[in-house]
Amino acid sequence: LIGFCGGPFTVLTYMIEGGTSKDHKKIKNFIKHNEKSADELINLLIEISIRYLKKQIEAGAEILQVFDSWAGLLHGDIYERYIINPNKRIFDEIQRVYPNFPMIFFPRKSGKKLLDFVSKIKCHALSLDDDFPAEILGIARKKKIVLQGNLNPNFLLNGGKKMEIQIKKVMEKFKNNLHIFNLSHGILPKTPI
């Protein structure tokens, strides 16, 4: 049974944007011009996330996943501040109370920033979208991090032979890693059952 929560920055993004967004101008402006408020909200969201995840463990969750769907919006010090540090605090606190409790992190669209993420957070598993640095494969083998992903959901939407070919490519790419086959990010709404 997998418990989950949105990453603090992703939840903050939805709060500030008022829903989904194409350009994310509101959140970008908010963290740039309202640094103190952004930090206060992130800290509050970290604490709420920790409580929420602990309650899920108490209710029977056997593994947790933190989805930071909008991690890829940020770069440099801001990425560290709003993606790495909050996720590390969540991980550290869950591990303090529930040592070795398995946790999956998904800092979506982080690209090369994934290298910093896995160097600073000792996650048990890492979800990947369809664009990640090849070095992650070796790092994951060395640190025994399970990788999850990463079929582009458009291949599932369209199905057929192209999907089968892509599935085989994903399986081949991850054959030397601990791997959970999955989509890179959710089933698209138009995907037929």
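The values are calculated or read from the model by the stated rules, or taken from the named source; none is laboratory data. All values derive from a computational prediction rather than experimental measurement. When we count neighbours, we look across all protein chains shown, and the Cβ atoms used for this are built from the backbone with ideal geometry, even at glycine. Surface areas here come from the heavy atoms of the whole protein model, side chains and all, with no ligands, DNA or RNA. Shrake-Rupley method; radii C 1.70, N 1.55, O 1.52, S 1.80 Å.
Taking amide H positions as placed in the peptide plane 1.01 Å from N, state which residues far from HIS179 in sequence (5 or more) or on other chains have amide H under 5 Å from it.
Residues meeting the criterion, in which the H sits 1.01 Å from N, are LEU147.
Which value, in Å², gives the accessible area per residue of region 1-55 when a 1.4 Å probe is used on the protein heavy atoms?
Normalised by residue count, the accessible surface of region 1-55 is 61 Å².
What percentage of the solvent-accessible surface of the chain, computed with a 1.4 Å probe over protein heavy atoms, is contributed by carbon and sulfur atoms?
Looking at the chain in its full context, I get 57 percent from C and S.
Using the basic label-point model (7 angstrom from Cα toward the beta carbon), what is the ASP23 to GLN95 distance in nanometres?
According to this spin-label approximation, the distance is 4.1 nm.
Among ASN177, PRO102, VAL146, whose Cα lies farthest out toward the positive end of the dipole of region 67-193, if unit charges sit on the beta carbon of Lys, Arg (+1) and Asp, Glu (-1)?
Of the candidates, ASN177 comes out farthest on the positive side.
With the crude spin-label approximation of a point 7 Å out along Cα→Cβ, what separation in nm comes out for LYS120 versus ILE165?
Between LYS120 and ILE165, the simple spin-label model gives 4.0 nm.
Pick out which of VAL146, VAL11, VAL97 has the largest mean-square fluctuation in a Gaussian network model of the chain, springs linking Cα atoms closer than 10 Å.
Ranking VAL146, VAL11, VAL97 by mean-square fluctuation puts VAL97 first.
For region 63-79, take each phi angle, set θ = phi - 60°, evaluate the Karplus expression 6.51 cos²θ - 1.76 cosθ + 1.60, and give the result in whole Hz per residue in order, putting x for glycine and proline.
7, 10, 10, 10, 9, 9, 4, 10, 4, x, 6, 9, 9, x, 4, 5, 4
What three numbers, in Å, describe the spread of the alpha carbons of region 13-104 along their principal axes, ordered from the longest?
For region 13-104, the Cα spread along each principal axis is 38, 24, 20 Å.
Could you please state, rounded to a whole Å, how far the C-alpha centre of region 40-66 is from the C-alpha centre of region 152-193?
A separation of 29 Å, based on Cα centres.
Suppose a student asked you for the relative contact order of the chain, using Cα pairs under 8 Å spaced at least 6 residues apart; what percent would you report?
18 percent
Ranked from the most accessible area to the least, with a 1.4 Å probe and all protein chains present, what is the order of GLU17, GLU93, GLU47, GLU62? It would help to have the intermediate numbers written out before the result.
Values: GLU17 25, GLU93 45, GLU47 80, GLU62 120 Å².
The most accessible residue leads, giving GLU62, GLU47, GLU93, GLU17.
Nearest 10 degrees, 0 to 90: what angle lies between the long axis of helix 8-17 and the longest principal axis of the chain (Cα atoms)?
Between the helix axis and the principal axis of the chain, the angle is about 70 degrees.
Please calculate how many Å² of accessible area region 65-193 carries per residue, with a 1.4 Å probe and no DNA, RNA or ligand atoms counted.
Numbers: 6910 Å² over 129 residues.
Per-residue value: 54 Å².
Can you list residues from other chains, or at least 5 along the same chain, whose modelled amide H is less than 5 Å from the amide H of GLN65?
GLY3, PHE4, CYS5, ILE104
Please compute the modelled spin-label separation between ARG141 and ASN158, points set 7 Å along Cα→Cβ, answer in nm with one decimal.
Placing both labels 7 Å along Cα→Cβ, they lie 3.1 nm apart.
At a 1.4 Å probe radius, which order do TYR98, TYR14, TYR82 fall into by accessible area, largest first?
Descending order: TYR14, TYR98, TYR82.
In whole Hz, what ³J(HN,Hα) sequence does region 163-168 give by Karplus (6.51, -1.76, 1.60; θ = phi - 60°), x for Gly and Pro?
So the J values, rounded to whole Hz, are 5, 4, 4, 5, 4, 5.
Work out the FRET efficiency for LYS173 and ASP77 from their Cβ-Cβ distance, taking R0 = 30 Å, and round it to the nearest 0.05.
On the way: r = 32 Å, r/R0 = 1.05.
Rounded to the nearest 0.05, the efficiency is 0.40.
Tell me, what ³J(HN,Hα) does each residue in region 90-97 have, in order and in whole Hz, if you take phi through Karplus 6.51 cos²θ - 1.76 cosθ + 1.60 with θ = phi - 60° and put x for Gly and Pro?
Karplus values, whole Hz, x for Gly and Pro: 4, 4, 4, 6, 4, 5, 5, 7.
Starting from the alpha-carbon convex hull of region 77-131, give the projected area averaged over all orientations, in nm².
3.5 nm²
Can you give the helix-only mean residue ellipticity at 222 nm for the chain, where every DSSP H stretch with n ≥ 4 adds -39500 (n - 2.57) and the sum goes over all residues, rounded to the nearest 500 deg cm²/dmol?
About -15000 deg cm²/dmol.
Non-local amide H neighbours of LEU128 (under 5 Å, H modeled in plane, Pro and chain starts lacking H): which ones?
GLN148, GLY149
So if I average 1/r over every pair of distinct C-alpha atoms in the chain and take the inverse, what Kirkwood radius in Å does that give?
With all distinct Cα pairs of the chain included, I get 17.4 Å.
With +1 assigned to the C-beta of every Lys and Arg and -1 to the C-beta of every Asp and Glu, and no other charges, what is the dipole magnitude of the chain about the Cα centre in debye, to the nearest 20?
Dipole of the chain, to the nearest 20 debye: 460 debye.
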